[in-house]
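I'd like to ask some things about the structure below.
The values are calculated or read from the model by the stated rules, or taken from the named source; none is laboratory data. This one's a predicted model, so the numbers in the text were calculated from it and none came from an experiment. Here the Cβ is made from the backbone with ideal geometry for all residues, glycine too, and neighbour counts use every protein chain on show. Heads up: the accessible areas ignore ligands, DNA and RNA and are worked out on the full protein's heavy atoms, side chains in. Shrake-Rupley method; radii C 1.70, N 1.55, O 1.52, S 1.80 Å.
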Amino acid sequence: MRLATRTNGRPDGELVVVSGDGTRCLPAGQELPSLLAAMEDWERARTKLEPLAARLERGEGEGVDAASLRAPMPRSWQWLDGSAFQTHADLMQIAFNTDPLNPERPLMYQGLSDRFIGPREDVAFAGEEGGIDFEGEFGVIVDAVPMGTSAAEAMKHIRLIVQINDWSLRAYAVPEMKTGFGFILAKPACSVAPFAVTPDELGDGWQDGRVCLDLHIDWNGEKFGRANGREMSFGFHELVAHAAHARDLVAGTIIGSGTVANTGYADVGSSCISERRAIEIISGGKPETGFMKFGDRVRMEAKTGDGRSPFGEIDQVIVRA
């Protein structure tokens, strides 16, 4: 099942169910006005949403206006982002000349959750000097997770999967990390692809709590990366369990994988500019690629082996605030 949110003048938008090919939709109705509301009682919501999905597969529904689609969940109670790809951690250590990281427990920070940027919205920054970088990753949306939930138990709480661009301002990241507190300047709002999907929608692309799909990223029309999500050091179920170790997780919490990265980066490329800069340091002694400029465009789209795009695409331009 694929879900989306279209604009209706309200902060949380209108929840709609979308056909498998992404061309038609049906509104969820007044009982389920938003995805956040649906997550608060997912089992009940699912009984209302699945018949709509069945009607769509029979050819019913109205056309999807891509320009009207917002992030599937335009705001939430909580956004927790992991860093679950060891290759990314290794490359970032080189890019920023920091100590190596090989943690026994997942790395995670709590980020901005009162707004998620829609997939086709321009993204505004105050200036270019912050080192504007994109970060392609995947995420999950959970229902209510009790404190102390194990990784095995956490799998059943993963209700939806999303594709994310976790924007970063690299000039501020290391100074903020050194304070021992969380990110503020370095982590603005994230962008999210238009469709949130149930795990079964991915078929073999969902294995062991990992999204095993290639994340295609183009920067200014040129291929940048095609890394696959299978190489997570910790699966999403383990990230959920880590987040719930000492707290309950409210329904609608979004948890990110961190930047998708593969050991074969020489062949598949990267999912953020900082990784490419690290690779340039390894090969030539110094970084050659600069960060993003106003007017730059980034496009992200995860694809299945047969070319399907379950999450739809993020296609955005950087502008001055």
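So if I check each of E135, E129, E121, E153, which one is buried (at least 20 other Cβ atoms within 10 Å of the Cβ) and at pLDDT 95 or above? First the steps, then the outcome.
Values: E129 fails: buried (at least 20 other Cβ atoms within 10 Å of the Cβ); E121 fails: buried (at least 20 other Cβ atoms within 10 Å of the Cβ); E153 fails: buried (at least 20 other Cβ atoms within 10 Å of the Cβ).
On inspection, the qualifying residue turns out to be E135.
How many residues are closer than 17 Å to Q110 by Cβ and either in a helix (DSSP H, G or I) or out of contact with any helix residue (DSSP H, G or I) (no Cβ under 6 Å at 6 or more places or on another chain) (or both) when one looks only at the range 170-184?
So in the range 170-184, the residues closer than 17 Å to Q110 by Cβ come out as 172-173, 176-177, 179-184.
Right, trim to either in a helix (DSSP H, G or I) or out of contact with any helix residue (DSSP H, G or I) (no Cβ under 6 Å at 6 or more places or on another chain) (or both) and you get 172-173, 176-177, 179-182, 184.
Residues meeting the conditions: 9.
Another question about this same structure. Considering (1) surrounded by 13 or more Cβ atoms within 10 Å (Cβ to Cβ); (2) closer than 29 Å to T5 by Cα; (3) in contact with a strand residue (DSSP E or B) (Cβ under 9 Å, 6 or more places away or on another chain), say which one G295 fails and leave the rest.
For G295, the failing item is (1).
Under the condition of being open to solvent by less than 20 Å² (accessible area, probe 1.4 Å) and free of Cβ contacts under 8 Å to residues at least 60 places away in the same chain, which residue from the range 54-108 is nearest to the chain's Cα centre (by Cα)?
It comes out as A89.
Give me the pairs: first residue in the range 163-189 and touching a residue at least 60 places away in the same chain (Cβ under 8 Å), second residue open to solvent by 50 Å² or more (accessible area, probe 1.4 Å) and polar (S, T, N, Q), beta-carbon distance under 8 Å, and six or more apart or on different chains, which are they?
Sorted first by the residue in the range 163-189, then by its partner, the pairs are G182/Q110.
Go through (1) buried (at least 24 other Cβ atoms within 10 Å of the Cβ); (2) closer than 20 Å to Q86 by Cα; (3) touching an Asp or Glu at 6+ places or on another chain (Cβ under 9 Å); (4) of a type in the set (V, I, T) one by one and return the number of the condition V268 breaks.
Single failed check for V268: (1).
Of all residues in the range 27-44, how many are part of a loop (DSSP other than H, G, I, E, B), touching a residue at least 60 places away in the same chain (Cβ under 8 Å) and either open to solvent by less than 20 Å² (accessible area, probe 1.4 Å) or hydroxyl-bearing (S, T, Y) (or both)?
Count: 0.
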